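Take a look at the structure below.
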């Protein structure tokens with residue numbers, strides 16, 4: 001989706017602000033949100049692509065205003081509401097001083113597309129040591145062997161499609177309709193564009209494609225630089241001018 | 001922007017998160033001790049000291065260096081590191097002619113097992129937007145001036161591949177032992193926004 005998250009190449013954000021001796025978490029609430037998000041991922045399933053897409057769907061003003069862990073908090077609250085772990089208004093009442101202890105959940109929320117596959121990636125880090133019943137994990141969190149050969153090889157000249165889906169994609173806006181050269185070929189991987197929407201993993205070959213700075217940024221490009229972007233095979237076509 | 005959400009205190013959010021955790025604990029959805037354990041892991045155990053061990057080993061052991069560049073995941077696992085956000089690792093070698101630097105413009109993907117959780121600047125709109133467009137200018141602002149003859153390669157982490165930079169071994173470090181070399185390997189050098197620290201100098205990040 002053409003969202004605020006797709007920041008590569010935007011102007012106007014100012015200088016990169018460095019901080020000496022930066023702590024892992026600046027405030028305790030950030031640490032708690034990180035830990036709770038990992039546990040929620042473990043308890044509720046889903047997948048990392050859907051979780052990334054949930055961040056992209058936050059309203060753009062909040063996306064910028066809330067900062068990194070603020071966005072994680074907004075996503076966590078939204079997920080807990082959608083899955084019925086929290087009732088509408090329940091958190092606000094507690095913040096306002098509502099004193100009654102919450103009743104234990106009768107059971108974990110069940111069913112729905114979020115249960116379609118076991119948690120990937122960061123959720124696994126959250127597994128409590130005493131463990132709970134997990135579905136059998138897949139052999140790898142995201143690599144998936146595919147029968148068909150990769151369409152491109154190192155050195156091939158390719159062009160990205162002018163691909164602008166309203167949903168999740170990992171083709172950045174700055175790299176649409178741009179010519180590049182395949183620099184590395186990676187193993188096939190779960191396709192975020194479908195997996196984020198629970199339309200299946202549909203594994204695709206992945207390539208690191210090298211784009212010269214001038215191809216991306218035109219006259220304003222810095223000399224002697226390039227960008228490598230990891231591109232799923234459906235993002236690419238042979239360079240028609242090659 | 002006058003306010004920086006990743007640096008400024010947010011007492012409103014502190015209250016809200018406390019309320020959320022208490023509700024989830026009462027519901028039996030999570031155990032705060034498990035949250036503690038996760039936080040402790042990323043504050044104490046998983047961080048750039050892991051990556052520094054990888055780099056120092058590569059500097060002293062040519063065979064390990066070759067394995068690291070050929071199959072980052074496996075070579076990093078030899079030293080005991082792996083897991084979430086590091087399940088397919090690619091190591092990029094900086095040389096006198098090529099300087100690599102890593103970003104994730106779309107979110108903030110980062111190789112957690114070797115570098116820990118990303119610093120605020122890595123997650124900032126300023127870094128995410130600018131490093132792809134004007135890497136030399138951004139690196140200069142961050143204290144790294146690269147000569148024009150050095151090619152700058154930016155790697156935008158748009159798939160599940162996670163990148164780590166193998167910085168050049170600093171001049172003057174030839175006689176240092178592996179454990180002494182680790183101290184020269186900064187987080188920022190492994191992202192590619194700095195060089196490894198010179199012996200006797202304190203490195204940033």
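None of the figures in this text is laboratory data; all of them are computed from the coordinates on show. Note that the structure is a prediction, hence the values are computed from the model and not measured. A quick note on method: Cβ atoms are made from the backbone with ideal geometry, for glycine too, and the neighbour counts reach across all protein chains shown.
Brief remarks on what is shown
- Degrees, to the nearest 10: A:60-82 long Cα axis against longest axis of chain A: 50
- Cα gyration tensor shape of the protein assembly as shown, rounded if a/c is under 1.5, else prolate or oblate by comparing a/b with b/c: prolate
- Average beta-carbon neighbours from other chains, 10 Å sphere, peptide B:161-172: 1
- Likely footprinting exposure, B:191, B:76, A:4, fewest C-beta neighbours within 10 Å first: A:4, B:76, B:191
- Figure legend: label point modelled 7 angstrom from the Cα of residue A:148 along Cα→Cβ; residues of the range A:207-242 with amide N under 19 Å from it are A:207-208, A:231-240.
- Between the range B:43-90 and the range B:126-205, the alpha-carbon center distance in angstrom: 16
- Paramagnetic reach from residue A:103 (point 7 Å along Cα→Cβ, amide N under 17 Å) across the range B:1-37: B:23-29
- Residues B:98, B:154, A:181, sorted so that the one with the fewest Cβ neighbours within 10 Å comes first: B:98, A:181, B:154
- The alpha carbon gyration tensor of the range B:12-153 gives principal lengths a ≥ b ≥ c with a/c of 1.5 or higher and a/b no greater than b/c, which makes the shape oblate.
- Approximate spin-label separation residue B:78-residue B:33, in nm, with each point projected 7 Å along Cα-to-Cβ: 3.9
- Placing R0 at 60 angstrom, the Cβ-Cβ distance between residue A:13 and residue B:178 gives a FRET efficiency of 0.90 after rounding to 0.05.
- Estimated inter-spin distance, residue B:61 and residue B:137, nm [label 7 Å along Cα→Cβ]: 4.3
- Over chain B, dividing the summed -39,500 (n - 2.57) contributions of all DSSP H runs of at least 4 residues by the number of residues returns a 222 nm mean residue ellipticity of -11000 deg cm²/dmol.
- Efficiency of FRET from Cβ geometry, residue A:157 and residue A:184, R₀ 22 Å, rounded to 0.05: 0.90
- Per-residue shielding of A:63-73, expressed as the average number of other chain Cβ atoms within 10 Å of the residue Cβ, stands at 5.
- Ascending count of other beta-carbon atoms within 10 Å, so fewest first, for A:10, A:1, B:142, A:36: A:1, A:10, B:142, A:36
- Residue mean of other protein chain beta carbons inside 10 Å, B:33-44: 6
- The angle separating the long axis of helix B:48-60 from the principal Cα axis of greatest extent in chain B is about 20 degrees.
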